[in-house]
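The next block holds one structure in the form of structure tokens; read it before the comments.
The values are calculated or read from the model by the stated rules, or taken from the named source; none is laboratory data. Keep in mind that what you see is a predicted model, and the values were worked out from it rather than measured. Cβ placement follows ideal geometry from the backbone for every residue including glycine, while neighbour counts extend to all protein chains displayed.
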There are 2 protein chains.
Amino acid sequence: MSIIKPSLPKGTRDFLPDEMYRRQFVIQTVRDIFEKYGYEPLETPSIEKLDVLSGKYGDEGEQLIFRVLKRGSGLEDLLRDRSEFVVKKYSELVDEALRYDLTVPLSRVVAMYENELVLPFKRYQIQPVWRADRPQRGRYREFYQCDVDAVGSASMLADAEVIAIVNEVLSTLGFRHFTIRLNNRKILNGILRYAGIFPEQSGSVFIAIDKLEKIGLDGVKKELSQRGISNSEIKKLLSVFEISGDPEKVLSELTRSFGEISELREGTEELQQIIGALNDLGVQGERVRIDLYLVRGLGYYTGPIHESVLEEPNIGSLTGGGRYDRLVGMFLGRDIPATGVALGIERIIDVMAELQMFPTAQTKTRVLVALFDETTRAASLQFAQELRKAGIHTENYFELAKLKKQFTYADRKRIPFVVLIGPDELASHHVTIKSMSTGEQRTLDRVAALNYLSQPLP
Amino acid sequence: MSIIKPSLPKGTRDFLPDEMYRRQFVIQTVRDIFEKYGYEPLETPSIEKLDVLSGKYGDEGEQLIFRVLKRGSGLEDLLRDRSEFVVKKYSELVDEALRYDLTVPLSRVVAMYENELVLPFKRYQIQPVWRADRPQRGRYREFYQCDVDAVGSASMLADAEVIAIVNEVLSTLGFRHFTIRLNNRKILNGILRYAGIFPEQSGSVFIAIDKLEKIGLDGVKKELSQRGISNSEIKKLLSVFEISGDPEKVLSELTRSFGEISELREGTEELQQIIGALNDLGVQGERVRIDLYLVRGLGYYTGPIHESVLEEPNIGSLTGGGRYDRLVGMFLGRDIPATGVALGIERIIDVMAELQMFPTAQTKTRVLVALFDETTRAASLQFAQELRKAGIHTENYFELAKLKKQFTYADRKRIPFVVLIGPDELASHHVTIKSMSTGEQRTLDRVAALNYLSQPLP
């Protein structure tokens, strides 16, 4: 048999134990916080029907949906017979696709199990999603998303709560200098109305506005112009967008100047409520900034939107979310209000590694019980099992190898203690413990050894 | 916009919170035990290159591999242009597939990162796999596997250890009456040699033998005969297969009668070592049974094989594993010995649900802080946050609804306590706590309330 050179599909990754410990640390931290706020776990299948995903992610997103082939045999048929019938039959088989995000599956779930669920349905979900994207540094074709959402409440308290959760997650993970940018689709729509731009053009305008960070103000003006927005409209637009500063100031200026536009007024009132609730929830005021340029790409947002960014390094947003009151309706025929946030845990993990925010990687295994010779094998297995019964994570060395080799193994795996049972120890019912960090050895009876190994590491 | 009727692809499932709590309970139990034995976590991508998966799972398995389409656009090209060129280009794009099991990816990982890994590499992996199977009761197209393997040791201690882990997992989960069936591919090969059957026929014979439980002894005889095995060969074969009883007795009878067949002798010696080590590891002797009919379907096993079965209900194996010393070699060109076991956690979860082995489902949320009116909103948010700071899982009710509705919400979500802050409580810096199980109400100052809610539930 010829050897298959082992390799990975582009844009995918293996997570070896050291990396897994980091990922588990972040995921566990996030999960604990979600649960502390009363959110409950949900998982949905990796494979969804294509029509569930279609029409939700915009044209660009749509292109990135990974389809799957239901039966392996269809493609072989196709290679043999390229008749219209076979091609059509084949293409009909390809009507399933990999999960693209966690929000659309959540909306599907709410529509399917509406009677079983208690609304507001407060759920979190931590699962991989797939994008048939061109892989590049920091962008993968398979990556975890980590979402927390409340479905069934129109209250701004729900929006404030998910923002407070973001704040607590980032703080707990050790981030000090981050900002939560806040805006509202209703304010954006109101600004467009004020500038005299037709609703049909809004998507086009939003795309341009969203690029401010990338292309600068002049770039945005140019792009708006290319997209058919007149100079006077652009001027009007930007006069509003440039309102910035303290959130209270921005909101009162918007209300004072544009309060007659009902959608805009509604949007500012919502943000007012969110900012008030964030204050009550203990989120420091300086964390939150109103940024009228914030658009958030996806098409389904209808109200408040937000993202969190680090001051340093400038690597885009760590989290992003908002209210999407009409997505469930696409499945149910009747709207159910919803809001939530997606934590970009891949990016969070990457940044934490870069900034050395993780504690030193350390195996959870505390003891390696060496294998001295055949006569002490049984005692070694038995003592290891006693340690495990006491909750001490313990490995048995499997091979009759030189002790030096066994110590090297413990060292390379960063296991702090090696237990040795030779014929002397066996005869005296003792064990010898070697500390791998100090090299110190001590011979103790089994009970004393068990106690010693139960102590926390210095 | 027309409504998309929400539905799931066949053979896939949503896991709502109650089900998720069960799954998390089983997975956490399993993970804790794996780690107690020194196994470390690994994750691999859902998508593998097709040539990594091909030729590993037998013809039947090969048919069940789910392929994925790298770019969404290829299929549209195909529908427009069915020329040989487009079909061929398209089929070349379809060279990636979904993970079929966790053993082949592990072998790929060991071959790819051999220099980084410390051998024996003791890893566990808990991730979904996909099979393009016809879904039926208890068989899904997407399901979790849960594997624990040691790669890089030829010692039978490794085999014994994974069996001991199975024993501990099933016992810890609450299973009382299960048996671990044990056999060895080397013994099977030795029996075939004794019966004069050519190695080329072994696969065919194994398939027939494996069906004993399904089709009975007469069925096996008939099938062997249909597969071209002569009556005298069948007689010889079955005379060996029928050896059963106490493990020690089976092994000594095999050695006495067929010890001159080196492969068979080697196989019995290996099982002897495993049984000895299992005894030292505290696995009760009556748990283990040597079953010469045990084959285990997959092609890659080379030594000891095992599975665990319940006495009642008869639902097939809960776990299955064995030694596969030549799989890594398919990627590396040089063999590395390996052994492990896959826990059928989907089946385990199904059986535990059927036998009502799960504790009553209960949300982790302990307190709902009701929303009385606008004047006490801030105090309600603040007190909820105080509870969370003390580690108490707490929900805020988002809506200004009638209290009855808020109590009903707590009741339906099985949240044990509702905290109420009305104008009186606000004025006196107290809160009222209602126990949802007893209906009892008490008004306490905040510190006392916090203490009260921190107590474990009765």
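General remarks:
- Members of the range A:265-319 found to be β-branched (Val, Ile, Thr) and part of a loop (DSSP other than H, G, I, E, B), listed by number: A:Val283, A:Val295, A:Thr302, A:Ile315
- First in the range A:247-276 and farther than 17 Å from A:Asp159 by Cα, second anywhere and hydroxyl-bearing (Ser, Thr, Tyr), Cβ under 6 Å, 6 or more apart: A:Leu251/A:Thr268; A:Leu254/A:Thr268; A:Thr255/A:Thr268; A:Phe258/A:Tyr194; A:Ile261/A:Tyr194
- Qualifying residue in the range B:185-192 (condition: of a type in the set (S, T, N, Q) and surrounded by fewer than 17 Cβ atoms within 10 Å (Cβ to Cβ)): no
- Of the criteria (1) touching a strand residue (DSSP E or B) at 6+ places or on another chain (Cβ under 6 Å); (2) closer than 30 Å to A:Ala384 by Cα; (3) surrounded by fewer than 17 Cβ atoms within 10 Å (Cβ to Cβ), which one B:Asp32 fails: (1)
- Matching residues, the range B:163-185, being of a type in the set (Gly, Ala, Ser) and within 13 Å of chain A (Cβ to nearest Cβ): B:Ala164, B:Ser171
- Some residue of the range B:130-144 being within 21 Å of the chain's Cα centre (by Cα), under 30 Å from A:Lys413 (Cα atoms) and either more than 7 Å from chain A (Cβ to nearest Cβ) or at pLDDT 90 or above (or both): yes
- Number of positions in the range A:374-424 that are touching a Gly at 6+ places or on another chain (Cβ under 7 Å) and under 22 Å from B:Val118 (Cβ atoms): 3
- Of all residues in the range A:147-162, those that are within 11 Å of A:Pro304 (Cβ to Cβ) and within 11 Å of chain B (Cβ to nearest Cβ) have Cβ atoms under 6 Å from Cβ atoms of residues that are β-branched (Val, Ile, Thr) and part of a helix (DSSP H, G or I), 6 or more apart or on another chain, in A:Met156/A:Ile274; A:Asp159/A:Ile274; A:Ala160/A:Ile274.
- Selected residue (only one of B:Ser91, B:Ser46 is more than 30 Å from A:Phe398 (Cβ to Cβ), buried (at least 20 other Cβ atoms within 10 Å of the Cβ) and of a type in the set (Ser, Thr, Tyr)): B:Ser46
- Highlighted here are the helices (runs of 4 or more DSSP H) found entirely within the range A:327-425 that include at least 3 residues which are assigned by TED's automatic domain parsing to the domain that holds A:Leu16 and touching a residue at least 40 places away in the same chain (Cβ under 8 Å): A:327-332, A:345-354.
- With respect to (1) modelled with pLDDT of 95 or more; (2) over 14 Å from B:Glu161 (Cα atoms); (3) surrounded by fewer than 21 Cβ atoms within 10 Å (Cβ to Cβ); (4) within 13 Å of chain A (Cβ to nearest Cβ), the lone exception for B:Asn279 is condition (2).
- On the stretch given as the range B:438-454, residues that are more than 43 Å from the chain's Cα centre (by Cα) and either at positive phi or exposed (fewer than 14 other Cβ atoms within 10 Å of the Cβ) (or both) total 5.
- Unmet criterion (only one of (1) under 30 Å from B:Arg82 (Cβ atoms); (2) not assigned by TED's automatic domain parsing to the domain that holds A:Gln28) for A:Leu98: (2)
- Only one of the numbered conditions (1) buried (at least 18 other Cβ atoms within 10 Å of the Cβ); (2) of a type outside the set (S, T, N, Q); (3) within 8 Å of chain A (Cβ to nearest Cβ); (4) out of contact with any Pro (no Cβ under 7 Å at 6 or more places or on another chain) is not met by B:Arg108, and that is (4).
- Of all the numbered requirements in (1) buried (at least 24 other Cβ atoms within 10 Å of the Cβ); (2) closer than 22 Å to B:Arg388 by Cα; (3) among the aliphatic types (A, V, I, L, M), A:Val205 misses one, and that requirement is (2).
- Residue count, the range B:296-338 (criterion: closer than 18 Å to B:Ile180 by Cα and at pLDDT 90 or above): 16
- Looking only at the range A:4-36, residues that are within 7 Å of chain B (Cβ to nearest Cβ), outside any helix (DSSP H, G or I) and in contact (Cβ under 8 Å) with a residue 40 or more places away in the chain come to 3 in all.
- Residues within the range A:426-438 that are in a loop (DSSP other than H, G, I, E, B) and either free of Cβ contacts under 8 Å to residues at least 24 places away in the same chain or in contact with a Cys (Cβ under 8 Å, 6 or more places away or on another chain) (or both), tallied: 3
- Annotation note: Cβ proximity below 7 Å between a residue of the range B:82-93 that is at the interface with chain A (Cβ under 7 Å from one of its Cβ atoms) and a residue that is surrounded by fewer than 16 Cβ atoms within 10 Å (Cβ to Cβ) and of a type in the set (A, V, I, L, M) (sequence gap 6+ or interchain) occurs for B:Val87/A:Leu79; B:Ser91/A:Leu79.
- Of all residues assigned to the range B:164-185, none qualifies as being aliphatic (A, V, I, L, M), modelled with pLDDT under 95 and either within 25 Å of A:Ala384 (Cβ to Cβ) or assigned by TED's automatic domain parsing to the domain that holds B:Thr339 (or both).
Okay, residues lined up against (1) among the aromatic types (Phe, Trp, Tyr); (2) more than 10 Å from every other protein chain (Cβ to nearest Cβ); (3) in contact with a helix residue (DSSP H, G or I) (Cβ under 9 Å, 6 or more places away or on another chain):
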| site | (1), (2), (3) |
| --- | --- |
| A:Asp373 | no, yes, yes |
| A:Arg377 | no, no, yes |
| A:Arg414 | no, no, no |
| A:Val418 | no, yes, yes |
| A:Val431 | no, yes, yes |
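- Flag if B:Gln125 is surrounded by fewer than 21 Cβ atoms within 10 Å (Cβ to Cβ) and not in a helix (DSSP H, G or I): no
- Residues (surrounded by 22 or more Cβ atoms within 10 Å (Cβ to Cβ) and farther than 16 Å from A:Gln127 by Cβ) located in the range A:338-347: A:Ala338, A:Thr339
- Some residue of the range B:394-402 being out of contact with any helix residue (DSSP H, G or I) (no Cβ under 6 Å at 6 or more places or on another chain), hydroxyl-bearing (Ser, Thr, Tyr) and surrounded by 22 or more Cβ atoms within 10 Å (Cβ to Cβ): no
- Just one residue in the set B:Ser46, B:Ser54 is facing chain A (nearest Cβ under 7 Å) and among the small types (Gly, Ala, Ser); that residue is B:Ser46.
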